[in-house]
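Asker: To start, I am sharing the structure in question, which I have written as structure tokens.
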């Protein structure tokens, strides 16, 4: 083969790399090679809600998150679907837009998704009803109801502020480091009395507004609180939320007050089933034991640790064991 022939063949391959579709990376492959843009914190500007039919539903959906009990609570003006008088924003603060507070800004993009708790794929509407039935002890909204459509519209609208493929800060609750000791309900009670009881009351029953239609500060246990099947009933899950958000008058975005140990201790006190009752205590989930979060304390388990350790910790030995045995680690 002559040098001229070699050069000619190289030119053909070079040009083919640009012209032949099969030689080009697909859109997905290109995306995978590029690190996601860090979009930082995103808080949608409600002044930008459109003034049209869709915008009206977005506004109503936002109001439903802020004033859930007023509209669909036990004495709701637009229906009675909740079993208590809590509002969605008690946990999903600022109508689901506050960072590190069960943020909802990307939820419209993330569903349908597989949920280990139910052992199946859920739509976003089903996930919304999951919250209506568990933390709110209610009955599901009809999928074609104005309320469901409005909530979905609102979630779609806030999701529109997220750049495609961007990494948004504060979507997940804050991370915590696990201490070597178990979380202590006794220590948690002391912290609760000092920093939490002034709002949630010493008996944990919260404070209602003036006309008793909704809680200003939600109950943390008792018949009006969330069920055991709720995310807040898991100690790590609650501790990560507490670290970023409580006490509300002592924290700001990125600035915490409680230490990791204190957050775990307070969560342990609030969720200690030996001293605090809850509605519907038979709500048990995770049909596949291998997918249970490490702080879910109902048997059977796919590891060797007790229900007490799954409940209160120490958690690092569970994590180490599960990693060593190639088991899922979720919390």
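Asker: Name the one entry in 160, 153 that is surrounded by fewer than 17 Cβ atoms within 10 Å (Cβ to Cβ) and assigned by TED's automatic domain parsing to the domain that holds residue 96. Before you say what the answer is, go through the steps one by one.
Answerer: Details: 153 fails: surrounded by fewer than 17 Cβ atoms within 10 Å (Cβ to Cβ).
Answer to the check: 160.
Asker: Just checking: which of the helices (runs of 4 or more DSSP H) contained wholly in the stretch 260-331 hold 1 or more residues that are free of Cβ contacts under 8 Å to residues at least 40 places away in the same chain?
Answerer: 307-312, 316-324
Asker: Restricting the stretch 163-174 to residues that are under 18 Å from residue 38 (Cβ atoms) and buried (at least 19 other Cβ atoms within 10 Å of the Cβ), which is modelled with the lowest pLDDT? Let's see the steps before the verdict.
Answerer: Going residue by residue through the stretch 163-174, those that are under 18 Å from residue 38 (Cβ atoms) are 163-172, 174.
Keeping just the survivors that are buried (at least 19 other Cβ atoms within 10 Å of the Cβ) gives 168, 170, 174.
On the way: 168: 93, 170: 96, 174: 96.
Filtering the stretch 163-174 for residues that are under 18 Å from residue 38 (Cβ atoms) and buried (at least 19 other Cβ atoms within 10 Å of the Cβ), the one modelled with the lowest pLDDT comes out as 168.
For every residue, the table says whether it meets (1) modelled with pLDDT of 95 or more; (2) within 21 Å of residue 130 (Cα to Cα).
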site	(1), (2)
38	no, no
47	yes, no
74	yes, yes
94	yes, yes
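Asker: Which residues, taken from the stretch 113-122, are under 15 Å from the mean Cα position of the chain (by Cα) and free of Cβ contacts under 8 Å to residues at least 40 places away in the same chain? Write out each step before concluding.
Answerer: Looking only at the stretch 113-122, we keep the residues that are under 15 Å from the mean Cα position of the chain (by Cα), and these are 113-117, 122.
Of everything in the stretch 113-122, those that are under 15 Å from the mean Cα position of the chain (by Cα) and free of Cβ contacts under 8 Å to residues at least 40 places away in the same chain turn out to be 113, 114, 115, 122.
The values are calculated or read from the model by the stated rules, or taken from the named source; none is laboratory data. Just so we're clear, the structure is a prediction, and the values are computed from it rather than from any experiment. Virtual Cβ from ideal backbone geometry, glycine too; neighbours counted across all protein chains shown.
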